[in-house]
Every structure is written in structure tokens, then in C-alpha cells.
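Colleague: This structure is in C-alpha cells; I'll ask about it shortly.
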Amino acid sequence: MDWEDYFPTAIAERGYDYYLQGYVTDLKRTKTQITAMVTGTQDYGVVIDLANGDFHGGACECPYANSHPYCKHMAAVLCQATAADKPASQQQVSKAPTSFDSLEQTATKLVERATDRQVRDFLSVVLAHDKHLVQLFRTVMGETNVVTDLPEYLASVDDLFDTNADGGGFIDYDAATDFGDEALTLLKEEVQPLVDHGEYGLVFQILAHLMLKIDHVDIDDSDGEIMMIMSASDDLWEAVLTKADADVQQQVFDWLCKQLTKSLNIIEDTLDDLLFTYFKTPAFIDAKLVYTAKRFRAVQKHPDLWDYDWQIKKWLKHYLQMMSAAHVPDKQIIKFCGANLAIPQVRLFYSQFCLQHQDGGARGPIAKGW
């Protein structure tokens, strides 16, 4: 039965994954129709129409299918039906591990018993059906290339959002669970291996793309899917920012500085933390000193901003911290504080500064402005 040409590659691959995981149940077939349930965090009924034994359209109860003629659940059912058409000797048989063996142990024993030819043949068949596994295998083989591989990884990120959203781009409560699970799987099975193989530049580009997509997604994540994804990304960011070479770190620094000049939503605090938690070399500290001074002055020029008070406090805090970290001369700090006494945080900082320096001369000019 030919049907793959009717489905985008990403949708077909998601469906194939669901089929492999055994999510398709209660499959029934007549000459004109296939029906089945696709289980998971939510059960969806699927109906496939047939004409002369070939795919002729379908329907699914999932939100995505409300505005698309296909979905991953339909693809999963078609994979199951196609497999059922094959002779028994060609069908993929999956045997669950016993209580004494974990899945990993079972896989290890199978590989140990297999010949080199069997392993190679099996890999050829499996990799031909899953581009994500192809990417993972290339990583293991040390054959990744940022220029050629990056579009594939970014497309994988886009697929997470596209395949779980409805026609209006909204990821509802039920779809959010699948979205969260698939995002965590991508980070664990596709991005983490890149970290393990030192592909930090590629990891940065993937994480940056994911962060920007998250910042604009319309989702009902009442169960905290977005926060789980952000949390799962923390260790990946740490690896990039502590192990990458100077060129990659500079790329990340420049990207963070650029994004923090924009109006952001839920990722602002995360990017802010990355910029000011890492980048501790003298060169980066000097760069952050200049950057925070510019941001503070830029905000001062726009008192009509709806979040002016919050923005001014944030960039003031960072600028004062960078002055201390960069060991700015005391006279320069005193001059800045004297010019900004109207801001409570400046007065608090300066009082602490004076106590630390025990400088009565420095306190005099400031005290007059209190």
C-alpha cells in the first residue's frame, strides 16, 4: 500500500516512531477502510479510507488533523497496516524485555549474538526510515558538520512545534504533553550525544533556535512542559559555556547580548542568567561592563516604557555588579552614584560601598543628596 508520498517526511517519521513503540491498537481492516486507536498520553481514533487497496485519505481525532489532511497518528496506523501486509518472515517483531532484563541489557545481548553482517544490514534498514537516527549515528561516527547538519536539526525542532499545534498554531493541553515528551527526547537522544562528542557550536545553534521558538509558542502548558524543557536545557548550556572554544563562546556571548536588547517573554530570565553567570574572563567582564552601561542608558531614555521601573532596576543591578567585577576606580563609581541618587538601588549600593571602603570622604557628597 503506497501512502508515504501523501505525508510530509517529518509527519511520516513521527508516525513510524509511534508504530515502533507499539502505540497502535485495535486495528481493523475492510476493503474500504482501516480503523485503529493510537494510544499514549491521549487516545485518538483514526480512520483511513482505502480505494482499490490504496490510501485514499484519512481522519483523526487529534487537534492537528482538524486543519490538516494528515497527522502522525494516521501515519502510525498506516505503518502498522503496511507491516501487516508483509509475510510473517518480513514483519518486524518486537519482544518486550523480561523482568530480569532491562531494555538496554536485552539490546546488548542481541548485538553480542549478531554477526557483523546482521548488524550492518539491520542498521541500513533502520537508518533508512529515520533521519533522526541517521543524525545520531553520524554523531557517533564523528562525521557531523555544522553547515550540512544544522538545517536538519533545526527542522527537527520546528517539527516539534508544527506537528503538535492545531491549524491556528496553538498547542492545547492534551497536545502539550506529547510536545513536552518529544522535546525532552530530542534533547536527550539527539542533542546530548552532540555534547558528548564535543560539537558545542552545533549544540549552541540548536539551543538558540529552540529558545526563540519557545519564547513565541502559544501553548497551554498547565503541567509545566515549557519549564521542564528549559530545565533540561540547563546542563546543555553549561556544557557549551564551560567547554566550548573561544570562538563558540564569543558567538554565544554576542547572541545573548543581541537577544537581551529585544522584547522577550519567558526566556528573558534564562538568557539573562546565562550572560551573567558565565563569561568570567577579564575580556568578557570588560565587554559586559560596556554592554550593561549602554543598556542602562538606553532604558533611561525611555521612561514611558510599561516596564520601565523593572528594566531600570535590572540593568542598574548588572552595571553596578560589573563595575565591581571590573575593578572600576572608586572615583568613577562615586561619580556614577552621585549622578543617580534618585534611584533607591544606587543609594543602597553606595552605602554598602562606603562601609566596605570605610571612606568618610566618599560619603560626604552622597549624604547631601539623601
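Colleague: For the range 144-221, would you read off the P(r) tail past 15 Å as a percentage of all alpha carbon pairs? Each step should come with its number before you reach the end.
Modeller: Values: 1646 of 3003 pairs.
Cα-Cα pairs in the range 144-221 separated by more than 15 Å: 55 percent.
Colleague: Based on the Cα coordinates of the range 1-54, what is the per residue volume of their convex hull in Å³?
Modeller: Numbers: hull volume 4.4 nm³, N = 54.
With only Cα atoms used, the range 1-54 gives 82 Å³ per residue.
Colleague: Also: At a 10 angstrom cut-off on C-beta neighbours, averaged per residue, how do the peptides 156-165, 310-319 rank from highest to lowest?
Modeller: Details: 156-165: 20.5, 310-319: 18.4.
Per-residue Cβ counts within 10 Å, averaged per peptide and sorted highest first, yield 156-165, 310-319.
Colleague: Treating cross-link reach as a plain straight distance, find the lysines whose alpha-carbon is under 21 Å from the alpha-carbon of residue 243, omitting any fewer than eight places away in the same chain.
Modeller: Straight-distance partners of residue 243: 188, 280, 288.
Colleague: What pairs in 262/313; 301/331; 262/294 have C-alpha atoms more than 20 Å from each other?
Modeller: Working: 262/313 17 Å; 301/331 25 Å; 262/294 14 Å.
Over 20 Å apart, Cα to Cα: 301/331.
Colleague: Restricting to bridges with both residues inside the chain, how much of the DSSP beta-bridge set is antiparallel, in percent to the nearest 5? Before the final figure, lay out each step's value.
Modeller: Details: 15 of 17 bridges.
Of those bridges, close to 90 percent are antiparallel.
Colleague: Could you sort the peptides 26-33, 290-297 by per-residue average Cβ neighbour count (10 Å cutoff), highest mean leading? Kindly include the intermediate steps, with their values, before the conclusion.
Modeller: Working: 26-33: 11.2, 290-297: 17.1.
Those peptides, ordered most packed to least, come out 290-297, 26-33.
Colleague: The range 281-361: Rg/Rh from Cα coordinates, Kirkwood Rh?
Modeller: Working: Rg = 13.0 Å, Rh = 13.3 Å.
Looking at the range 281-361, the ratio lands at 0.98.
Colleague: In addition: As a check on your grasp of the helix formula, calculate [θ] at 222 nm for the chain: sum -39500 (n - 2.57) over DSSP H runs of n ≥ 4, divide by the residue count, round to the nearest 500.
Modeller: Working: 17 runs with 226 residues, N = 370.
Result for the chain: -19500 deg cm²/dmol, rounded to the nearest 500.
Computed from the coordinates by the stated procedures, all read-outs in this text should not be read as laboratory data. What you see is a predicted model, and the numbers here were worked out from it, not measured in a lab. Cβ atoms come from the backbone with ideal geometry, glycine included; neighbour counts cover every protein chain shown.
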